[in-house]
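Here's the structure, in structure tokens; my notes come after.
The values are calculated or read from the model by the stated rules, or taken from the named source; none is laboratory data. Just so it is clear, the model here is predicted, and its values are computed rather than measured. Ideal geometry is used to build each Cβ from the backbone, glycine not excepted, and the neighbour counts take in all protein chains shown.
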There are 4 protein chains.
Amino acid sequence: MKESSLNILNRIQLNYKKLSKGQRLIADYIINNYDKVAFMTASKLGEKVGVSESTVVRFATALGYGGYPKLQKELQEFIKTKLTTVQRLELSSDYNDEEDILKKVMKADVENIKKTIEETDAYVFQSVTDIILEAKKVYILGLRSSTVLAEYLGFYLNFILDDVSVVPSGINDVFDQLINIDEKDVIIGISFPRYSKKTLEALKYAKTKRAAIIGITDSNYSPIKEIADFTLTARSNMASFVDSLVAPMSLINALIVGVSMKEKDKITSTFKTLENIWNEYDIYLKNRD
Amino acid sequence: MKESSLNILNRIQLNYKKLSKGQRLIADYIINNYDKVAFMTASKLGEKVGVSESTVVRFATALGYGGYPKLQKELQEFIKTKLTTVQRLELSSDYNDEEDILKKVMKADVENIKKTIEETDAYVFQSVTDIILEAKKVYILGLRSSTVLAEYLGFYLNFILDDVSVVPSGINDVFDQLINIDEKDVIIGISFPRYSKKTLEALKYAKTKRAAIIGITDSNYSPIKEIADFTLTARSNMASFVDSLVAPMSLINALIVGVSMKEKDKITSTFKTLENIWNEYDIYLKNRD
Amino acid sequence: MKESSLNILNRIQLNYKKLSKGQRLIADYIINNYDKVAFMTASKLGEKVGVSESTVVRFATALGYGGYPKLQKELQEFIKTKLTTVQRLELSSDYNDEEDILKKVMKADVENIKKTIEETDAYVFQSVTDIILEAKKVYILGLRSSTVLAEYLGFYLNFILDDVSVVPSGINDVFDQLINIDEKDVIIGISFPRYSKKTLEALKYAKTKRAAIIGITDSNYSPIKEIADFTLTARSNMASFVDSLVAPMSLINALIVGVSMKEKDKITSTFKTLENIWNEYDIYLKNRD
Amino acid sequence: MKESSLNILNRIQLNYKKLSKGQRLIADYIINNYDKVAFMTASKLGEKVGVSESTVVRFATALGYGGYPKLQKELQEFIKTKLTTVQRLELSSDYNDEEDILKKVMKADVENIKKTIEETDAYVFQSVTDIILEAKKVYILGLRSSTVLAEYLGFYLNFILDDVSVVPSGINDVFDQLINIDEKDVIIGISFPRYSKKTLEALKYAKTKRAAIIGITDSNYSPIKEIADFTLTARSNMASFVDSLVAPMSLINALIVGVSMKEKDKITSTFKTLENIWNEYDIYLKNRD
């Protein structure tokens, strides 16, 4: 994770003194209109502020970005947590023919996974698998659409580890289910924009009980990052009202395999037992010769 | 979907008469040992049968495959439905270091999505979105790990359409929940290896009620294919005991966007209402300036 | 429901002017200490206020209660919504031997049902069954422990009616699931102490959409009563930290039978179909001769 | 539990030799037509068989029943597991006016609870609370309508004990969730007519792992009785297609209180913590002065 944890507005403030007069005009404009600038070209931004396009480009470089597109990308990331679903629908590019939709959406997911591979820190990934393996109990928390990721991760970890609990399940409230969490346990909080308030509250509660906190979220601007001991990020960008959970699910696949490789004997024995049960109780289709 | 719906054993039988003597030895061997051959090199197979490696290669071409690797791939697809989880664990390549796991698993998912893009037929995709939009009620059925895909699809379609039901939910049995299904409804059955028996039974029941059946599954060898009116396939390959649901989820993203583009006004109005509610009842984190 | 919908404090205020001087001392004391008075004998209350026990008894009669025990009972009902679970645990009588527990708890449930029979208004009960039968869609909402009643009612109504939805189910939020509710629908809100805030909010939202609101709750002091078009009450008293949902479940049994009697042909046909399915798919144990 | 575990047909066979000639005619008729006899008066039965009413009455006495009504009651119990829902609907008495329904149904529940109090053995009840308190992990299993009882019991035990799991929850299958069960654990199986096949299979599996088995079911003819170490029975009779779970829920209330009385300090501390959380996160309605 080479990205600084400074956000773009912090960065502008820190560098403000060394900026030229024209660059300061740009800085002021961005601070007050970052949500609009996130979707302006360099030339449009220059026009709005009354400076040349090349001043805009030099401004980006002065802040340490490798060009205006990178600065703009950062702005888009930054505002994402702040856009309502309606604003996102309005921003969503129109997909004019359906074949196009299929390709555009799925190719965006390919890009999301590729960027996630690049951005994931091997040390963090390894630490997370170790923490999960050593915990007395593993809690997995995800609300609203993130529930599906929590259930998917829980479904597989349940075959590998002795004590895994997907929260919430059943009718007890999230907090009721965390009442016994302690410092030997880990809680994996899964949260993507728009971040559920209750997930964050529950993680804060778990922190007061000194459980290890692992976050799975979309970016370094996520509120989960501030509270987690280790954070894995996976891109969830999608030009629609949907947050794509594809790259996060792929990261979770890697996590499951990472944990399972260290418990291969146990899993083999578990599945030998289950194959017999599944066979006896006729859960899956039989071989069809 | 250019792949023939013949399976590889059918294809061997159909072409048997025109094969050379040496090729027939290979054919016989495969028919009796396809599960082993799926993981043999051409040279190993030649050795087993007592023919040269180049005879094996010509055999593949004679059956219409563009080389031995393609034939072998087809065999692997074919046997997948027949492998138990324990067999898959034993076949799973060892991932020696953890950084490697991350990259290998996520790159496999990139490949799964790319192949899914190639293999999806635009006409089928368009037909499926039309059927969903025109149905009186949309049932979405997924059991075991496929539940997460059913819930994900249901979560978003619920914002777009009037009457969407993820089955099973609550405590009624799958069949109890399908008791009112009729010919104006559609049921989307999601099933990946190892195929749940109950999913197939429920789709068969829905067919007797003349509901439209849409299958989302992993290949043309899936039992879902035989019963569905339209089938979308997405690759779920993963060299582990886990079936990756990443490419299927990406396909479902495309489906959600495809359906939503035709109901954009309705969705915008729905989310305007929900934004107010979410805001009033404090469900998401507020903007953090 | 002959009980006035005035609460006891309202009643004291209304009658204040016609009270004697000594009675006014009692009135003032109760208004400021009703949570303590709820557990005082008449003689103890007299002592605290500095009046005779018989003044206390006459005070109860002056307010229209048939004696001090009835006034005290009313106070206990009133404060129940205000007691935390910890306070209730402290108040709970000790059950010294286990056989005793069984009898005491179950006899209390018998009393709860008997009082519920007495207090249920036949006209309200009949109106509720009619509204349920005539609704386009029936939503059933219950959170926390009331979820079990919502699911139980939903389980059976699902066999009788075409469109029944237990909320929440699946991963959408309560409000997401109510987005399409309208004036042709009914929502049955089930809420027992300590009343969930979200249940009340969701019913208020449904009211803005002009759906019919039916409340199933514990008393006329319940916040549900204020918002529902029709309210059925069932006693949930229990001298422990548990709220007994036994009398409410019995009332729900009556509701299910009431609705089913008007749709007997449909149910018979539904179950004929289901018996065949259950038999074919081996869901229940077979006859054991 | 003084009732013999012999069923009525066994009893007839055992006593056959000592019966008079006329009594043997009755015995033969019952063996072949028990489902009809269960709903015949003594005089009707005599007429069918060609004996006098008093012969029928003496027959009942000869088998050890305190009269014909008791024999008939036993037959009704016996066939209950064998009646389909459709047969029960046909047998159900018509409830002609709605006020009647309310009273009849709720009074039947009062009777169910009263009989359950009488029939519950104090020693069994005490043993069950002890086993639950001493178990490492408590699994609670209920399918279909019994799910609501499993969830209700789990909701409260979760506040008292460290490790309680309601099965199934989430997306793993029942068997997946029992994979780690062992001889230090207890599983509480809840099953009422018509008994779910899967519940019985899961309990049998748990028995092979030597977990303690507690059954909560409706009668001594229940298949659960044969496999459980301790069985608590509660009446679920209802003259409709619904099985009333009211008496079972009341018994579960007693069980919760029984367990909680031995852990009162722990519960008080748990709820003190939860009150703070509930208060902070605004889960319940605040006091309304």
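Points worth noting:
- Figure legend. Inter-residue proximity from the stretch B:103-129: first residues in contact (Cβ under 8 Å) with a residue 60 or more places away in the chain and under 22 Å from B:Ile188 (Cα atoms), second residues in a helix (DSSP H, G or I) and among the hydroxyl-bearing types (Ser, Thr, Tyr), beta-carbon distance below 6 Å, spacing 6+ or different chains. Indicated pairs: B:Ile113/B:Ser250.
- Residue check, B:Phe159 out of contact with any Pro (no Cβ under 8 Å at 6 or more places or on another chain) and assigned to a helix (DSSP H, G or I): yes
- Scan the stretch B:127-145 for residues that are touching a Leu at 6+ places or on another chain (Cβ under 9 Å) and within 12 Å of chain A (Cβ to nearest Cβ) and the total you get is 5.
- Options A:Ile227, A:Ile267; residue that is of a type in the set (A, V, I, L, M, F, W, C) and surrounded by fewer than 18 Cβ atoms within 10 Å (Cβ to Cβ): A:Ile227
- Set D:Asp162, D:Asp173: member being at pLDDT below 95, within 11 Å of chain A (Cβ to nearest Cβ) and surrounded by fewer than 19 Cβ atoms within 10 Å (Cβ to Cβ): D:Asp162
- Pairs are defined by a Cβ separation below 8 Å, a sequence spacing of at least 6 or placement on different chains, a first member in the stretch B:150-176 that is more than 20 Å from D:Val148 (Cβ to Cβ), and a second member that is among the acidic types (Asp, Glu) and at pLDDT below 90; the pairs so defined are B:Ile160/B:Glu263; B:Leu161/B:Glu263.
Residues checked against (1) buried (at least 21 other Cβ atoms within 10 Å of the Cβ); (2) more than 7 Å from chain C (Cβ to nearest Cβ):
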{"position": "D:Tyr205", "(1), (2)": "no, yes"}
{"position": "D:Asp218", "(1), (2)": "yes, yes"}
{"position": "D:Tyr221", "(1), (2)": "yes, yes"}
{"position": "D:Phe241", "(1), (2)": "yes, no"}
{"position": "D:Val246", "(1), (2)": "yes, no"}
{"position": "D:Val257", "(1), (2)": "yes, no"}
{"position": "D:Thr273", "(1), (2)": "no, yes"}
{"position": "D:Ile277", "(1), (2)": "no, yes"}
{"position": "D:Leu285", "(1), (2)": "no, no"}
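- Qualifying positions in the stretch D:146-159 - under 18 Å from the mean Cα position of the chain (by Cα), within 16 Å of C:Val242 (Cβ to Cβ) and facing chain C (nearest Cβ under 8 Å): D:Val148, D:Leu149, D:Glu151, D:Tyr152
- When the residues of the stretch D:179-195 are filtered to those that are at the interface with another protein chain (Cβ under 9 Å from one of its Cβ atoms) and at pLDDT 90 or above, the one that is surrounded by the fewest Cβ atoms within 10 Å (Cβ to Cβ) is D:Asn180.
- Qualifying residue in the stretch C:131-148 (condition: free of Cβ contacts under 8 Å to residues at least 40 places away in the same chain and buried (at least 23 other Cβ atoms within 10 Å of the Cβ)): yes
- Breaking point among (1) surrounded by 23 or more Cβ atoms within 10 Å (Cβ to Cβ); (2) away from chain A (no Cβ under 12 Å); (3) more than 25 Å from B:Ile117 (Cβ to Cβ), for B:Thr199: (2)
- Checked against (1) under 17 Å from D:Phe155 (Cβ atoms); (2) more than 21 Å from the chain's Cα centre (by Cα), C:Thr199 passes all but a single condition, namely (2).
- Candidates C:Ala38, C:Ala62, filtered to the one that is in contact (Cβ under 8 Å) with a residue 40 or more places away in the chain, surrounded by 18 or more Cβ atoms within 10 Å (Cβ to Cβ) and not assigned by TED's automatic domain parsing to the domain that holds C:Ser240: C:Ala38
- Qualifying helices (runs of 4 or more DSSP H) (wholly inside the stretch D:55-145; at least 2 residues being under 29 Å from D:Phe241 (Cα atoms) and at pLDDT below 95): D:68-80, D:85-91, D:98-119
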